[in-house]
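Enquirer: Okay, handing you the structure first.
The values are calculated or read from the model by the stated rules, or taken from the named source; none is laboratory data. Note that the structure is predicted; figures quoted are calculated from it, not measured. Neighbour counts run over all protein chains shown; Cβ positions are idealised from the backbone, glycine included. Surface accessibility is based on the protein's heavy atoms, side chains included, excluding ligands, DNA and RNA. Shrake-Rupley method; radii C 1.70, N 1.55, O 1.52, S 1.80 Å.
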Amino acid sequence: MGWFERYFEFDRYGTDMKTEVLAGVTTFMTMAYILFVNPAILSDAMGKEAFNSLVAVTALAAGFATILMGLYAKKPFALAPGMGLNAYFAYSVVLGMGYDWKVALAAVFVEGLIFIALSVTKVRSAIIHAIPLSQKYAVGAGIGLFLTLIGLNDVGLLTAFVQEGVLKFTGLNATALASKQILLFFFGLFLTAVLIALRIKGALLISIITTSVLGWITGAAPWPDQIFSTPDISYTFMKMDLQGLLNVGAIGVVFAFFMVDFFDTLGTVTGLSAKAGFITTDGKIPDAEKVLLTDAVGTTVGAILGTSTVTTYIESAAGIEEGGRTGMTALITGFLFLAIGLFIAPLAQAIPAFATAPALVIVGYYMLSAIKEVDFTDHTEAIPAFLVLITIPYTYSIADGIGMGFISYTLIKLFSGRGKEVHPLMYVLALVFIAYFAYLGGVI
């Protein structure tokens, strides 16, 4: 056996190099859409002139963090700037709350440092075990609805706007239904659905490229001037405004990023570990601290490069489905991000919103499916989960949804005589969220 086989313990996991390489390529194909979608979302907050830099830093952050996951944690998990987290950065913090994007990057950086400290001291693992499963699943599902809403709004199918951090609807944009852009959006949506139903790998990426080409051919969007370019990260690199973070007193923003990232990673790592068969009989995830520390370092480095929170991706399940069980899978995925993603900024910039919006909707569908794991026969579990599910999209805030869930969960359990079922840390978290909402409301 070669060095790679011994280092990644191929015999232990019953895998081989061919399987791991195929799994790594599959994971990359499945999540490569982030190279187009993440810059499209973040440039809404940073300005369209940031787009090229954002493509490069998305590839760099994803490549670095995923390679680190492979070499250090030795898990087949890929990382990239998180869907939902990038939307929270752009639409809630910057456009909704009015913070400068450089201050928001500083908040992500500080959040990453906090996560590193919590991961090293194993506090993060302790909190993970304190959160009830119903809340974990509900947060993921609520983020799915949030992403779907953003996708429909981006393509112009809904007429909506954010006012003081709250989403305001004015209804269905009926006049846009007959436009080329909307028709191509529906084409992309149904193409993706069919490809997924046929279990074709890279369905999201195939749909984005196909819909874009059709848009270019029909004149719904301009052709790209070129395909490749030299990467340039100067617009976003080291642009964190740490002093501004202190001046505006944005403790609430740091806390919100912290909570959103925490539970996004929590749900993803738990789900992927279950799919790969890593979870032990007592419900523990082996090497969880290494996985969480990798995630935290990825977030910190990502903020330095100039992107929103880096997190573990549920699309890693595609590679696991192909048989990937070791860090070799992540290693291949990370190298592909660096080899391809760094040089395609002009192509990414030419991808129209009607081509990426179906990806947001379908990712939302994937994430919403987690709600089926909630026990709806137990109202003390289901009602708080339901409140999370509706609060996230209706308030345009993931943090608000998490807070609503934790507070309602502890109160309903307590006053229905089942307070002993609640982990003590959940009471602490509920009180923290009550203080957070009081802070936002100007009470304290």
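Enquirer: When you check Ala117 against the structure, is it open to solvent by 10 Å² or more (accessible area, probe 1.4 Å), more than 25 Å from Gly144 (Cβ to Cβ) and free of Cβ contacts under 8 Å to residues at least 60 places away in the same chain, yes or no? Let's see the steps before the verdict.
Expert: Numbers: open to solvent by 10 Å² or more (accessible area, probe 1.4 Å): yes; more than 25 Å from Gly144 (Cβ to Cβ): yes; free of Cβ contacts under 8 Å to residues at least 60 places away in the same chain: yes.
It is true that Ala117 is open to solvent by 10 Å² or more (accessible area, probe 1.4 Å), more than 25 Å from Gly144 (Cβ to Cβ) and free of Cβ contacts under 8 Å to residues at least 60 places away in the same chain.
Enquirer: Checking Leu118 against (1) within 15 Å of the chain's Cα centre (by Cα); (2) part of a helix (DSSP H, G or I), only one condition comes out false. Which one?
Expert: (1)
Residue by residue, here is whether (1) surrounded by 21 or more Cβ atoms within 10 Å (Cβ to Cβ); (2) part of a helix (DSSP H, G or I) holds:
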| site | (1), (2) |
| --- | --- |
| Tyr72 | no, yes |
| Phe77 | yes, no |
| Met83 | yes, no |
| Tyr91 | yes, yes |
| Tyr99 | yes, no |
| Lys102 | no, yes |
| Gly142 | yes, yes |
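Enquirer: Look through the range 12-25, keep the residues that are under 21 Å from the mean Cα position of the chain (by Cα) and open to solvent by less than 10 Å² (accessible area, probe 1.4 Å), and return whichever of them is farthest from Phe335 (Cα to Cα). Break it down into steps so the answer makes sense when it comes.
Expert: Keep residues of the range 12-25 that are under 21 Å from the mean Cα position of the chain (by Cα), which gives 23-25.
Filter once more, so that each one left must be open to solvent by less than 10 Å² (accessible area, probe 1.4 Å): 23-24.
On the way: Ala23: 13, Gly24: 9 Å.
If we take residues in the range 12-25 being under 21 Å from the mean Cα position of the chain (by Cα) and open to solvent by less than 10 Å² (accessible area, probe 1.4 Å), then Ala23 is farthest from Phe335 (Cα to Cα).
Enquirer: Checking Pro393 against (1) open to solvent by 70 Å² or more (accessible area, probe 1.4 Å); (2) touching a strand residue (DSSP E or B) at 6+ places or on another chain (Cβ under 9 Å), which single condition isn't satisfied?
Expert: Failed condition: (1).
Enquirer: In addition: Just one of Gly323, Gly319 is outside any helix (DSSP H, G or I) and farther than 18 Å from Pro81 by Cα; which is it?
Expert: Result of the check over Gly323, Gly319: Gly323.
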